[in-house]
Amino acid sequence: MKKFKTIVFDIDGTLTRSKLPLDEEIAKLLSLLIEKYQLAIISGAGFEQFKWQILDHLPNGSKLENLYLLPTDGTVFCRYNGDWQCQADPAMSPEDKTHIAQAFENIFEESGLEKPKKLYGELVEDRGAQLNFSALGQDAPIELKEKWDPDNKNRELIIKILKNYLPGFSMRIGGTTSIEITRSGIDKSYGLKKLMKLTNFSKDDILYVGDKFSEGGNDAPVLALGIEYKEVKGPEETKKVILELLT
């Protein structure tokens, strides 16, 4: 494998199953990897989700000064200096948030998809510079989420409809049941450009590891940057990538 200086990971579907914490094995592997490389983690999730999914499970003594966090697709940028210090872009306006939430009100009826009999938590979560739609609710059990849209077709249909209501916004498939909505131009390529600007990493230094590079997937914008990438189908494949990087 080519020599890299910086390894960037997606979270859901890459480091973890959707909205589940790191397992013990991958947490230990990341702690070893961070001794050898600069690491960055980027996701549509907010910082608090990064904390309980990732940070709370890294072994004590992990070299956190070599880790950069980019919540909500890099609209938030965090680095460690004794504690986590984050700088955030302005949030969406209240008017934009209301407009986006209204676009989802009748989305099941308009798409012809069966409306869930029960929602587990919020349907649309406010993440500041991003709103996140989760078809079964933000807190749905993983077993239900993984059955709802395994081939992304349901969300592709929803996005096709939403484009009629939300011109000027970007919509991408993330996680297992979610759609991420941001201002146009805000995506993972935006976050990685910010990472490179604030750290002086070059695109040739970086390997990106993610699970959704197909059209409409939230890792797909990375391809336009010309950064080398590795596509995985879940945490078990990510472990193999990390082991290869450690050899």
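Descriptive notes on the structure:
- Being within 14 Å of residue 42 (Cβ to Cβ), assigned by TED's automatic domain parsing to the domain that holds residue 10, crowded, with 20+ Cβ neighbours inside 10 Å and hydroxyl-bearing (Ser, Thr, Tyr) holds for only one residue in 229, 208, and it is 208.
- Only listed residue being hydrophobic (A, V, I, L, M, F, W, C), in contact (Cβ under 8 Å) with a residue 12 or more places away in the chain, over 28 Å from residue 184 (Cα atoms) and in the same structural domain as residue 220 (by TED's automatic domain parsing), chosen from 119, 58: 58
- Within the option set 98, 72, being of a type outside the set (Lys, Arg) and loosely packed, with under 15 Cβ neighbours inside 10 Å holds for one residue only, 98.
- Residue list for the stretch 48-77, restricted to those being of a type in the set (A, V, I, L, M, F, W, C), in a strand (DSSP E or B) and within 19 Å of residue 218 (Cβ to Cβ): 69, 70, 76, 77
- Among the residues of the stretch 172-204, those identified as outside any loop (DSSP other than H, G, I, E, B) and among the small types (Gly, Ala, Ser) are 174, 178, 189, 191.
- Note on the stretch 170-194: residues that are of a type in the set (A, V, I, L, M, F, W, C) and over 29 Å from residue 141 (Cα atoms) amount to 1.
- Counted residues, the stretch 205-221 - those being in contact (Cβ under 8 Å) with a residue 60 or more places away in the chain and part of a helix (DSSP H, G or I): 1
The values are calculated or read from the model by the stated rules, or taken from the named source; none is laboratory data. All of these numbers come straight from a predicted model, not from anything done at the bench. Don't worry about glycine lacking a Cβ; one is built from the backbone with ideal geometry, like all the others, and counts go over all protein chains shown.
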